[in-house]
Every structure is written in C-alpha cells, then in structure tokens.
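The values are calculated or read from the model by the stated rules, or taken from the named source; none is laboratory data. Predicted, not measured: the structure shown is a model, and the values here were computed from it. Positions of Cβ are backbone-derived with ideal geometry, glycine not excepted, and every protein chain shown enters the neighbour counts.
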Amino acid sequence: MTTSTDLSTENIPSLWRKRLKLVAAWTFGIGLLALLLHKTPVDQVIEAFGHPTPTIWLLTLCGLLGSYGLRAARLQVVMDLDAMGPAPRKWLGLRTDSLRVILMHNAAVNLLPMRAGELSFPWLASRELGMPVSRAIACLLWMRIQDLAVLLLLGLMVWPGLDLSWRLAGLALAGLGWWVINWALPRIPDTPHLHSVLSRVRAAMTEKAHHHPLAWGLTAANWCLKLSAGACLLSAITHASWTQSWAGALGGELAAVVPLQGPAGFGTYEAGVWAGMAARLPSGSPVLAQAVSAALALHVCFLICAVLAGLGASALSGLMGPRTRVSPN
C-alpha cells in the first residue's frame, strides 16, 4: 500500500522540474530583454511611448480589439457552436460566450511564461461552452496549426524583397506538405498504442468543422489586422516604412512559436521584432536603433489590452446567461 508520504516523495522530482522550467523561462526572458535594452537609452524607451499621436494609439487599439472579435468568430466556426446550441447572447452575430473564452485565454497566454496560458483553454471551453476537454484540446491544437500556417503563408506572399520564384516554391512546398498530411493522417490505424500527441493531431486535422473556408478566412483576417495594427505603431515610433514595420510585427509574432518564453513573452517578442526589421534594414541604421524601444512600447500596449479585456470578460462570466451544454461525441 502506498502512503501519502510515499506519494509526496514521488512528486518531489516532478515539482522541482516544474520549478526549474519556470526559473529558466524567467531568466531567459528577462536576460534577453536586458541584452536588447543594454544599448538602448532609457530616455529613448520613454520617448517611444509618447511619440505616437493619440490617433495612432487609437488605430492600434481598434485593430487589436478587432482581432479579438475575429478570433472569437473563428472559435465559433471551428467548434461549430451554433449547431450545438443557442448562444446566451450575440453581438452583431458574435457569440458572447465564445468572446469570453478568447479574451480570458488570451490574457492567460500573455501573462504566463513558456506558453503555460494555453492550458487554460480546455478548462475555459469546458466551463463556458460545455465542450468535452478532448474536443477542446483538438480545437486548440488546430487553431495553433492554422495560425502558424497563415503566418508562414503571409510571410511568403508579402515579405518585402523576396524573389518571386522563392515565393512560388515556398507556396508549392507548403501545399504539397499540407496535402500529404491530410492524406496520411486518416489512414493511420486507430490503435490503443497510438501516441497521444499523434492522436490529437489526427483528431484536429480530420474534424470537418476545422476545415470550414470561413475559419481560414477569419484566421487570415485576424492576422492581417493585428499585424497592420502593430506595423502602424512601429512605423510611427521608428519612422520606418510600412513594409519594414510590417516585417517587424510579423517577426514578433513568429517569435511566440519559440517554446522557451519569458514572463509575458518579454524578451522573445522584442527580439523577433528587431530581427524582422533588421532583415529589411542595413546594420547601423538609425531606424533599427529604435526598433527595440518601439517593440517594447507595442508589446506593453498589447499586454495591457489583453489583461484588461481578460479581466472584463472574467468579471462578466456567469452574468451573461446559461452556458451551452454539449454532449461528448
């Protein structure tokens, strides 16, 4: 018989591993941010926050809030929520329960290191939408695959200075890879020994609602709007061209794919923005010298909006009517 003391002793290595990962994430993020800001004067960082006009800040904010709505609409389509049950309320066709899930999940992703906030989605989808946890995990995995695919495709299509032949070759390779994955996954035999990750990928890729054309359109619209909002602010601070600023905004979002993330993504996001802009600017450019402070201003703007929206959604949770209940498939 295993005693409680034995169980707590067995959990000590796991607990220490989690703590070490957390310490590593904080050290990595803060260290990277400190390295980036090492040659950036403090007054330049402060000036970056005051440089954009109120109109620019308003445009950035509206673009970000609009992207929240597009993400909520995609969740509504990907989970086929309207077919599962009526919405407690709708705003311009957008379900408020879907919007609450997106806002609270987005706040968790922005605040917690190492993408730990992603773990909140199955719980939120179960509580707010009545979705089975397995279905919610497959949906989250699909949305992340979809996000990455759209970001890479946007980069291939509109990255400034890329030769047309490279664009076409990249698009052809992406299309071929997508076809191979869609062809192979349904043909993998369903056995008890199938690896859980592979099983979830197959469930995500073969779910019919996930491939709805509207879901792809909403995903593309979301990223175009968010990247444009980011480029608007970066351009206003650094006086870089639109394409250079857009490349920086894309670099910041792609940096979020890195598994090791610091607290609230600080460090990795700024590094991604700098790398994206550096790809289009000569070394030593005065514009590039302001890229880190501009990225920090943009990151803080995104973070504050995410937290305030998440807090608002959390406060309203439970006051917007009964939850949708979905029976497991």
> Looking at the stretch 29-140, what helices (runs of 4 or more DSSP H) fall wholly within it and have at least 3 residues that are among the aliphatic types (A, V, I, L, M), modelled with pLDDT of 90 or more and over 20 Å from the mean Cα position of the chain (by Cα)?
Replying inline: 54-78
>> Looking only at the stretch 155-170, how many residues end up being surrounded by fewer than 15 Cβ atoms within 10 Å (Cβ to Cβ) and in contact (Cβ under 8 Å) with a residue 40 or more places away in the chain?
In response: 2
> So which of Leu185, Leu194, Leu176, Leu218 ends up being surrounded by 11 or more Cβ atoms within 10 Å (Cβ to Cβ), modelled with pLDDT of 85 or more and on the phi < 0 side of the Ramachandran plot?
Replying inline: Leu218
> Quick check, is Met205 out of contact with any Pro (no Cβ under 6 Å at 6 or more places or on another chain), at pLDDT below 85 and buried (at least 17 other Cβ atoms within 10 Å of the Cβ)?
Replying inline: yes
> Out of all the residues in the stretch 208-233, which are over 14 Å from Ile145 (Cα atoms) and among the polar types (S, T, N, Q)?
Replying inline: Asn222, Ser228
> Do the conditions hold for Ser283, that is, is it without any contact (Cβ under 8 Å) to a residue 12 or more places away in the chain and either crowded, with 21+ Cβ neighbours inside 10 Å or among the aliphatic types (A, V, I, L, M) (or both)?
Replying inline: no
>> For the stretch 229-248, give me each residue that is surrounded by fewer than 18 Cβ atoms within 10 Å (Cβ to Cβ) and either without any contact (Cβ under 8 Å) to a residue 40 or more places away in the chain or part of a helix (DSSP H, G or I) (or both).
In response: Ser241, Trp242, Thr243
> Just checking, how many residues over the stretch 275-329 are more than 19 Å from Ala231 (Cβ to Cβ), of a type in the set (Gly, Ala, Ser), at pLDDT 75 or above and not in a helix (DSSP H, G or I)?
Replying inline: 2
>> Pairs please, first residue from the stretch 209-222 and over 15 Å from Gly69 (Cβ atoms), second anywhere and surrounded by fewer than 17 Cβ atoms within 10 Å (Cβ to Cβ) and polar (S, T, N, Q), Cβ atoms under 9 Å, 6+ apart in sequence or on different chains.
In response: His211/Asn182
> Quick one: what pairs do we get from the stretch 77-106, first residue at negative phi and surrounded by fewer than 19 Cβ atoms within 10 Å (Cβ to Cβ), second part of a helix (DSSP H, G or I) and among the β-branched types (Val, Ile, Thr), C-beta under 6 Å, 6+ apart or different chains?
Replying inline: Arg89/Thr96
>> I'd like the full set of residues that are closer than 17 Å to Cys301 by Cβ, in a helix (DSSP H, G or I) and at pLDDT 80 or above, limited to the stretch 252-267.
In response: Gly252, Glu253, Ala255
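Let's see how each residue does on (1) among the hydrophobic types (A, V, I, L, M, F, W, C); (2) within 21 Å of the chain's Cα centre (by Cα):
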site	(1), (2)
Ala231	yes, yes
Ala240	yes, no
Thr243	no, no
Gly248	no, yes
Leu254	yes, yes
Gly265	no, yes
Ala271	yes, yes
Pro282	no, no
Leu288	yes, no
